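Please read the structure below before turning to the comments.
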Amino acid sequence: MPKLSSEQLDDAQRDLPLWRVDKDALFRDLVFADFKHAFAFMTEVAAEADRADHHPDWSNVYDKVSVLLSTHDAGGVTEKDVALARFVDGAAQRNDVK
């Protein structure tokens with residue numbers, strides 16, 4: 001899958017306003033109501049990531065989850081990252097993101 005062009009990255013930034021976008025990755029920090037909601041969010045995203053065979057780099061501390069999306073084989077952001085970012089946004093809302 002090819003890396004997105006700078007124009008496509010600009011479009012992704014407009015489409016994903018809660019994400020930080022650069023040429024190499026998409027980043028988002030999320031805060032949930034509590035650990036249970038953060039873990040439920042991660043479980044939901046993990047299932048989708050397995051289905052898509054595209055896995056995030058992420059970390060969790062109590063109610064906080066940091067997500068980094070990048071397609072390592074392409075050396076930057078691809079449509080797979082944008083699609084998973086959209087899924088992350090929906091899962092965040094379903095799991096009580098603040």
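Only the coordinates and a few stated rules stand behind these numbers; no lab work does. This is a predicted model, so every value here is computed, not measured. Positions of Cβ are backbone-derived with ideal geometry, glycine not excepted, and every protein chain shown enters the neighbour counts.
Observations on the model:
- Selected from HIS54, SER6, LEU68, residue furthest toward positive end of dipole (the chain; charges at beta carbon): LEU68
- Lys pairs, the chain - Cα-Cα below 17 angstrom, 8 or more residues apart or on other chains: 6
- For the chain: span of alpha carbons on each principal axis (Å, largest first): 37, 25, 19
- Assigned charges on the beta-carbon of Lys, Arg, Asp, Glu; the stretch 1-89 dipole about Cα centre (debye): 140
- Most fluctuating residue given options ASP81, ASP24, ASP15, as computed from a GNM of the chain linking Cα atoms under 10 Å: ASP15
- Considering only LEU18, LEU68, LEU84, the Gaussian network model of the chain with Cα springs below 10 Å gives its largest mean-square fluctuation to LEU18.
- Within the shell of other residues whose beta carbon sits under 15 angstrom from the beta carbon of ASP96, the net charge comes to 0, with Lys and Arg scored +1 and Asp and Glu -1.
- Within-13-Å neighbourhood charge of HIS72 [Cβ basis; K, R +1; D, E -1]: -3
- The stretch 13-98: chymotrypsin sites (Phe, Trp or Tyr not before Pro) in DSSP coil with no more than 16 other Cβ atoms inside 10 Å: TYR62
- Other-chain or far-sequence residues with amide H under 5 Å of GLY76's (modelled H): THR71
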